[in-house]
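The values are calculated or read from the model by the stated rules, or taken from the named source; none is laboratory data. As the structure is a computational prediction, the values presented were derived from the model and not from experiment. Here the Cβ positions follow ideal geometry from the backbone for every residue, glycine too, while neighbour counts run over all protein chains shown.
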Amino acid sequence: MKREKLADAAAALVCFLLPCAVYLFTRSQSLGFADAAEFALVTKIGSVAHGPGFPSYVMLGCIWAWLVS
């Protein structure tokens with residue numbers, strides 16, 4: 001039983017550290033020009049910029065735009 005918990009913990013650690021390392025080595029220092037326009041557009045229309053990501057950013061931007069307009 002203890003070995004199974006250790007194996008689960010090791011798998012969880014690898015599943016966290018591997019994407020974290022990929023993110024840290026491939027991140028940009030700032031938002032690119034094309035990304036800024038894309039995010040501004042999807043915030044206005046309430047869509048998602050990329051299939052897997054940024055839904056909370058877009059939703060908050062859409063709510064903010066709705067509240068202040």
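Residues in the stretch 1-31 that are surrounded by 10 or more Cβ atoms within 10 Å (Cβ to Cβ), modelled with pLDDT under 75 and among the small types (Gly, Ala, Ser): how many?
Initially, the stretch 1-31 is screened for residues surrounded by 10 or more Cβ atoms within 10 Å (Cβ to Cβ), giving 6-22, 31.
Still in the running and modelled with pLDDT under 75: 31.
Add one more test, that the residue is among the small types (Gly, Ala, Ser), and what stays is none.
Qualifying residue count for the region: 0.
Can you name every residue in the stretch 40-53 that is at pLDDT below 75 and of a type in the set (A, V, I, L, M, F, W, C)?
Within the stretch 40-53, Val48, Ala49 meet the criteria.
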